[in-house]
Amino acid sequence: DVTSQRDVAVGRDGAERELRQGRERPEAQLEGQASLEHAVLRGAAARAVGRLGDAAGIAPLAELLADPSPVPRGAAVEALLALRAKDKSADLAARLAVETDRAVRASLYEALVELSGEAAIEPLRVSFERPERAIDRPWIADVLGRVGSPKALPLLRAALSGPEVTIA
């Protein structure tokens, strides 16, 4: 399934990136390995909470959105989506504003649309307009097409017009 493949990709890519960062400082290699193992564990636990449908896990999952590692952040997004945690949409939008990892942002775009519907349009617009996130625009356009609201049309029309886009 697509979600599982993305979970694996987010976990693997994020874990490999963290391992490379640990190798940049040889003295921190053991510390980095332990940190990586803990990040992978937190990510696995988050995915399990989502699969098991444990609504009591929603608050800890929302806290995990601020984890220093992209592995548990991405897993937390997917778990919140699986739990249909609509009340955490504001937390997801806030995380999107500061997220640096592309794979986590892709999960955030999807989760925001699935959980927030029309309310996702504004945070998606802000992301769409950020020049450093131009590479995300195809993902944003794709999820906007699933909003099911004509309010998404101005942003989608802008996506048709060209690479440098500003929406008023």
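Read-outs throughout are calculated quantities, based only on the coordinates presented, and are distinct from any laboratory measurement. Keep in mind it's a predicted model, so treat the numbers as computed, not measured. Here the Cβ positions follow ideal geometry from the backbone for every residue, glycine too, while neighbour counts run over all protein chains shown.
Going by a ≥ b ≥ c, the root eigenvalues of the Cα gyration tensor, does region 43-90 fall in the rounded group (a/c under 1.5), the prolate group (a/b larger than b/c) or the oblate group?
Numbers: a/c = 1.82, a/b = 1.22, b/c = 1.50.
In terms of gyration-tensor shape, oblate.
If packing is taken as the mean number of other Cβ atoms within 10 Å per residue, what is the order of 116-124, 67-75, highest first?
Details: 116-124: 19.7, 67-75: 24.6.
Peptide ranking by packing, descending: 67-75, 116-124.
Along region 83-88, what does the Karplus equation 6.51 cos²θ - 1.76 cosθ + 1.60 (θ = phi - 60°) give for ³J(HN,Hα), rounded to whole Hz, x for Gly and Pro?
7, 6, 7, 4, 5, 9
Karplus couplings for region 92-100 from phi (6.51 cos²θ - 1.76 cosθ + 1.60, θ = phi - 60°), rounded to Hz, Gly and Pro as x?
In residue order, the calculated couplings are 5, 5, 5, 5, 4, 4, 10, 5, 9 Hz.
Taking θ = phi - 60°, what integer Hz values does the Karplus form 6.51 cos²θ - 1.76 cosθ + 1.60 yield along region 50-61, in sequence order, with x for Gly and Pro?
x, 5, 7, x, 7, 4, 5, x, 4, 4, x, 5
Rounded to the nearest 0.05, what FRET efficiency do Arg51 and Thr100 give with R0 = 25 Å and r taken as the Cβ-Cβ distance? Could you check? If you can, show how the numbers build up before the last one.
Working: r = 27 Å, r/R0 = 1.07.
Efficiency computed from Cβ-Cβ geometry: 0.40.
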